[in-house]
């Protein structure tokens, strides 16, 4: 059994989703958004760091999965996204969690079956997979999708007799024990 904390980083809104993975079953534990407001970036990063730490203390995840930074058209947006990602990753590392990274394409492929899926398709599949009564907010759905992606990846890799390599998980490469 694993409890996976999924993070969809953003400098203004960071989505989070927590699932439990037992064998081939995944179940919903919680999700939501960390709204950082419009203050200076250092305050927003502190909000992300603190909130992720609080989530870790509350849900006691065994691992964290996070969406890899994508190259935005605006360089400043990419930098702020990377900083938000870093704040969340440090909170996870600070709590002793292994942090696994997945590209948006890997996440969509794992959850929807199509790496170029639209946001509404991800939301629909997350709702369906986790048997939720309503559609999760976009950022929370993306975070739940990231957690599901890790659960599926870990299950398949374990079944193949390997383990997920922390450094190469972004590229989908695995190493055998």
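The values are calculated or read from the model by the stated rules, or taken from the named source; none is laboratory data. Every value quoted in this text rests on a predicted model; they were computed, and no experiment measured them. Using ideal geometry, Cβ is built from the backbone for each residue, glycine included, and neighbour counts are taken over all protein chains shown.
Results, tabulated for the structure shown:
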{"read-out": "Odd one out for residue 118, checked against (1) modelled with pLDDT of 95 or more; (2) farther than 15 Å from residue 15 by Cα; (3) out of contact with any helix residue (DSSP H, G or I) (no Cβ under 7 Å at 6 or more places or on another chain)", "value": "(1)"}
{"read-out": "Residue in the range 56-65 that is farthest from residue 19 (Cα to Cα), counting only those that are out of contact with any strand residue (DSSP E or B) (no Cβ under 6 Å at 6 or more places or on another chain) and in a helix (DSSP H, G or I)", "value": "57"}
{"read-out": "Every residue from the range 69-96 that is modelled with pLDDT of 90 or more, surrounded by fewer than 20 Cβ atoms within 10 Å (Cβ to Cβ) and more than 12 Å from residue 45 (Cα to Cα)", "value": "79, 93, 94, 95, 96"}
{"read-out": "Failed condition for residue 147, given (1) at pLDDT 90 or above; (2) surrounded by fewer than 23 Cβ atoms within 10 Å (Cβ to Cβ)", "value": "(2)"}
{"read-out": "Residue that is farthest from residue 150 (Cα to Cα), among those in the range 1-55 that are touching a helix residue (DSSP H, G or I) at 6+ places or on another chain (Cβ under 6 Å) and in a helix (DSSP H, G or I)", "value": "45"}
{"read-out": "Enumeration of residues in the range 66-94 that are part of a loop (DSSP other than H, G, I, E, B) and more than 20 Å from residue 33 (Cβ to Cβ)", "value": "71, 73, 74"}
{"read-out": "Unmet requirement for residue 100, which otherwise passes all of (1) crowded, with 19+ Cβ neighbours inside 10 Å; (2) within 17 Å of residue 126 (Cα to Cα)", "value": "(2)"}
{"read-out": "Conditions (1) assigned to a helix (DSSP H, G or I); (2) over 24 Å from residue 47 (Cβ atoms); (3) free of Cβ contacts under 8 Å to residues at least 24 places away in the same chain; number of the one not met by residue 110", "value": "(3)"}
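For (1) in contact (Cβ under 8 Å) with a residue 24 or more places away in the chain; (2) more than 18 Å from residue 140 (Cα to Cα), each residue gets a yes or a no:
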{"site": "20", "(1), (2)": "no, no"}
{"site": "24", "(1), (2)": "yes, yes"}
{"site": "35", "(1), (2)": "no, no"}
{"site": "66", "(1), (2)": "yes, no"}
{"site": "103", "(1), (2)": "yes, no"}
{"site": "106", "(1), (2)": "yes, no"}
